[in-house]
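Scroll down for the structure; my scribbles are underneath it.
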Amino acid sequence: MESRKAIRKRLVKQKRSLFIQKSIGVTTALASTSGVFTTMVLATEGNASEVNETEVAKSTKSTATKTLAQSSETAINQQFKTTASLNVRSDASTSAKIINGVGTNTTIKAVAKKSGTSVNGNTTWYKLSSGGWISGAYVTTASNSNSSSNTSSGETAVNKTVKTTTALNVRASASTSASVVRGLSGNATVTVVAQKNGTTVNGTSTWYKLSNGGWITAAYVSNVTSGSNTSNTGNTSTAEQAISKNVKTTASLNVRSSASTSGSVVGNLSNSTTVKVVAQKGGSSVNGNTTWYKLSTGGWITAAYVKDAGSTSNPSNGGSNSNNSNSSTNTAEQAISKNLQTTTGMNVRSNASTSSRIVSSLSSNAVVKAVAQKQGTAVNGNTTWYKLSSGGWISAAYVKDAGSTSNPSTGGSSSNNSNSSTNTAEQAISKNLQTTTGMNVRSNASTSSSVVSSLSSNAVVKAVAQKQGTAVNGNTTWYKLSTGGWISAAYVKEVSGNTATNPGNSGNNNVSTSVNGAAIVAEARKYIGTPYQWGGKGPDVFDCSGFTRYVFLQVTGKNIGDWTVPQESAGTIIPVSQAQAGDLLFWGEKGNTYHVAIATGNGSFIHAPSTGYTVTEASSGFSTASFALRVK
């Protein structure tokens, strides 16, 4: 029979064995986890004190110390330069959440380092002064010149308002070599919350930290008195006064989100552009003028650089109500008949003006027939505009004569009856239709007209007119949609007037998709060839989310978000297979997406790919998108 002493020794031995197993399990599980390891291991050691086995406690304590040393930060103050574009993560691990990015050849400041997951055999990770961690595998030590050391000097808290004296870059830190995060226009009023010394610009080493993030040099700003700043802030919130008149710009102007020079830029107008204003109110002063005008298309412009264009022309719909010689889009048309070929992708507009509504678009090298010409707004110094046989106007700046022997609409004789049928009179109607298959929306009632958007099967749309066009499956009737564009009657059926949604698309309304889709794609194509730059918000450089944000701002006036994750919430998520023109495509899991693009509706997409590339239209990779989103 086993003695009491033997039983106790056996139980102690079992407890020790169990404790070691548990400790090893906890240590292994927590070696890759940050933040909670110390507490859990110490708690385990505390519970084991009753075992009174010194060597076990020492072993566990040694393991804990080793693991903690691997995850503990070491404070440093050092500058590095990236040798490639890098993700900035929330912790020292390739599985940690991506919170930002750094472009190649960017000088960054590290304030701490620690060991993390291995990247190319390198386990060192650096903590940035701006927050987040990057792997040490793709950085080199930056030279510690005087200018570099200046950027690491201490910040001094301030609270004042300054105005830019010229257009300025806003940078990630107080250095001209730091990455550009956005830009400010001249005469922009901003609030600064701190200052410190950085690289010298025009003899001044002072840099200001903005209230909304980023740094600007003090070399090109002037102080704004607190009184005037208070006045401007109040002006932007004064009541709107409804008006209705046309104004013409006397200089190139930014269109802003509010009646203030510090409002975000949502668009721009070229010189001599005629626009319709629907309201006015007081805002920040520009050249002594505090009046701001609200455009019929959305956004605000200062009254300092516009003049009254009269009230008889309607620039928003391209109409003409008089022979007003002041409006270049109202000049007399001269009948012509010639074929033209585009030299680049371009928009077709409702009138001879860059501010007129976009009705469709043409790809590069497209051959079209012009039936009239007149003078309009200048594009690259050329004021001639051509009226197309299919409707709409294009600038002469980007076309060349294609000869008169071929018919661009059909590729045959210009007397082709089916082509001329697209010019038959429209008959006004009002009824709802439902598609019986996926189909294209075209710029006119012809299968040879340009595709402006597309509709999925079972989409419900409203038709406002019909006319005869090219035959599709023996049916020559075409319907004009309330959102613009034409569809063949061959693949639609009439539905009751109270059918408001698309049953094949989770209740999404295809009407709004069609009108925005064509305009979104047309706007996106304007920027093909624009260079990629991390953090680029346009229009001269873009990153992927900056590109999508800018395009939607121009067309809808809506800010869909500054980077991919906020843009995920700008609408309704749909399968990639249902993506139509103007929908967004995302790559990566929701909440951790890393790329976004704009679908064109024909199996391709437009995007800003990565460093070293430009904005481009591509089809390869469409099916690899993780999900799509229809912007509300």
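The values are calculated or read from the model by the stated rules, or taken from the named source; none is laboratory data. Since the structure is predicted, the reported quantities are computational estimates derived from the model, not experimental observations. Cβ placement follows ideal geometry from the backbone for every residue including glycine, while neighbour counts extend to all protein chains displayed. Quick note on the areas: whole protein, heavy atoms, side chains included, nothing else; ligands and nucleic acids left out. Shrake-Rupley method; radii C 1.70, N 1.55, O 1.52, S 1.80 Å.
Quick notes on this one:
- Segment Ala378-Ser72, extension gain: residue separation times 0.36 nm, minus the distance between their alpha carbons: 103.9 nm
- Length released on extending from Asp308 to Lys97, taking residue separation times 0.36 nm less the Cα-Cα span: 70.6 nm
- Note on Val451: accessible area approximately 60 square angstrom, rounded to 10, probe 1.4 Å, nucleic acids and ligands left out.
- Computed from label points 7 Å out along Cα-Cβ, the spacing between Ser244 and Lys558 is 2.7 nm.
- In this simple spin-label model, placing a label point 7 Å from the Cα along the Cα-to-Cβ direction at both Thr117 and Thr204 gives a separation of 4.5 nm.
- By average C-beta atoms within 10 angstrom, highest first, the peptides 442-449, 165-172: 442-449, 165-172
- Rounded to the nearest 0.05, the FRET efficiency derived from the C-beta distance between Lys81 and Ala167 at R0 = 22 Å is 0.25.
- Label separation (Asn602 vs Ser296): 3.2 nm, computed from points 7 Å beyond Cα along the C-beta direction.
- Amide N proximity, the range 194-212 versus Glu155 label position 7 Å along Cα-to-Cβ, cut-off under 17 Å: 194-199, 206-212
- For the set Lys281/Lys480; Lys160/Lys537; Lys338/Lys480, the pairs lying more than 29 angstrom apart at their alpha carbons are Lys281/Lys480.
- Taking a ≥ b ≥ c as the square roots of the Cα gyration tensor eigenvalues, the range 546-601 comes out oblate, since a/c reaches at least 1.5 and a/b does not exceed b/c.
- If R0 equals 30 Å, the separation of the Cβ atoms of Thr344 and Ser610 corresponds to a calculated FRET efficiency of about 0.80.
- Efficiency of FRET from Cβ geometry, Thr124 and Ser619, R₀ 25 Å, rounded to 0.05: 0.05
- Carbon/sulfur fraction of accessible area - the range 428-494, other protein chains in place, 1.4 Å, %: 41
- Here the extension length gained between Thr436 and Ser90 equals 119.7 nm, from 0.36 nm per residue of separation less the Cα-Cα distance.
- Computed over neighbours whose Cβ is under 9 Å from that of Ile574, the net charge equals 0, Lys and Arg +1, Asp and Glu -1.
- For the range 425-498: rounded, prolate or oblate by the Cα gyration tensor [a/c cutoff 1.5]: rounded
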